[in-house]
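Visitor: Dumping the structure here so I can ask a few things about it.
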Amino acid sequence: MANPNAPFGLRPVKHLFGGVVRPNEYNIADQYGTALYLGDPVVATGTGKNIGIASAGTSNKLTGVFAGCEYQNSLGDTIWSEYWPASTVTLSGSTIKAFVYDDPFILFEIQFDTLAAADVRALANLVSGTGDAVRRLSGWTAAHPPGSGENQLKIYSLPSMVGGSNINAYGSFAVAHVLLAQHEMAGNMANL
């Protein structure tokens, strides 16, 4: 049976050294104009701890992966969401909290365009995709072989079970465990 084509962005799986996987608090600039979905890669923007969407296939240092947000809408109601709706107007003077998996040793799952056994331990790049506002999931995937220059992901392994099913095999739409190879709090990882 073939692997399903069902992008979901980057999904945390476990800590490489057995630590606790948890997000840390950042901020989103007031009326930030790009939607953020659960599993989107994010980068530092501007001043302070503001984050925004990453760029695909570039040498940007990633801050981590978006895990949701909390903000006060224009009426003062507190909203928790796994998704930041672009250009949302919030209560004047309030802070938009963003939660980000930012530990450089978290293993993530991500769907690849195609993957072979020989690709394990190699580098790859992110490919941007359209998020799903209903499911609130990222549409990002990964591509191998990597492009020129520095690459964003390090392929760690092919998990045998994905999302409660036993469907995952090398080939088109394989899901792999990866580390963020270009992380703002760690040095760049090399291709082996």
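The values are calculated or read from the model by the stated rules, or taken from the named source; none is laboratory data. The model shown is predicted, which means the values in this text are computed figures rather than measured ones. Glycine gets a Cβ as well: all are built from the backbone with ideal geometry, and neighbour counts include every protein chain shown.
Visitor: Just checking, does the range 117-125 include any residue being part of a strand (DSSP E or B) and not polar (S, T, N, Q)?
Guide: Filtering the range 117-125 down to residues part of a strand (DSSP E or B) leaves 123-125.
After this cut, where a residue has to be not polar (S, T, N, Q) as well, the list is 123-124.
Yes, because at least one residue in the range 117-125 is part of a strand (DSSP E or B) and not polar (S, T, N, Q).
Visitor: Taking the stated definitions as given, is residue 145 surrounded by fewer than 17 Cβ atoms within 10 Å (Cβ to Cβ), over 12 Å from the mean Cα position of the chain (by Cα) and modelled with pLDDT under 90?
Guide: Working: surrounded by fewer than 17 Cβ atoms within 10 Å (Cβ to Cβ): yes; over 12 Å from the mean Cα position of the chain (by Cα): yes; modelled with pLDDT under 90: yes.
When the stated conditions are applied, residue 145 passes them.
Visitor: Kindly provide the set of residues from the range 89-99 that are in contact with a strand residue (DSSP E or B) (Cβ under 7 Å, 6 or more places away or on another chain) and surrounded by fewer than 22 Cβ atoms within 10 Å (Cβ to Cβ), ordered by number. Give the derivation first.
Guide: Looking only at the range 89-99, we keep the residues that are in contact with a strand residue (DSSP E or B) (Cβ under 7 Å, 6 or more places away or on another chain), and these are 90-91, 94-99.
Within the range 89-99, 90, 91, 94, 95, 96, 97, 99 qualify.
Visitor: If you take the residues in the range 155-186 that are of a type in the set (Gly, Ala, Ser) and under 16 Å from residue 64 (Cβ atoms), which one is modelled with the lowest pLDDT?
Guide: The initial filter retains those residues of the range 155-186 that are of a type in the set (Gly, Ala, Ser), namely 157, 160, 163-165, 169, 171-172, 174, 176, 181, 186.
Now restrict to residues that are under 16 Å from residue 64 (Cβ atoms): 181, 186.
On the way: 181: 91, 186: 81.
Restricting to residues being of a type in the set (Gly, Ala, Ser) and under 16 Å from residue 64 (Cβ atoms), the top hit is 186.
Visitor: Strands (runs of 3 or more DSSP E) wholly in the range 2-92 with at least 2 residues that are in contact with a Ser or Thr (Cβ under 9 Å, 6 or more places away or on another chain) and closer than 22 Å to residue 156 by Cβ - which ones?
Guide: Working: elements: 11-15, 24-28, 41-44, 51-53, 64-72, 78-81.
Strands (runs of 3 or more DSSP E) meeting the threshold: 41-44, 64-72.
Visitor: Looking only at the range 103-118, count every residue that is over 24 Å from residue 6 (Cα atoms) and surrounded by 17 or more Cβ atoms within 10 Å (Cβ to Cβ) and tell me the total.
Guide: Start the filter on the range 103-118 by keeping residues that are over 24 Å from residue 6 (Cα atoms), which leaves 103-105.
Next, only the ones that are surrounded by 17 or more Cβ atoms within 10 Å (Cβ to Cβ) stay: 103-104.
Total meeting the criteria: 2.
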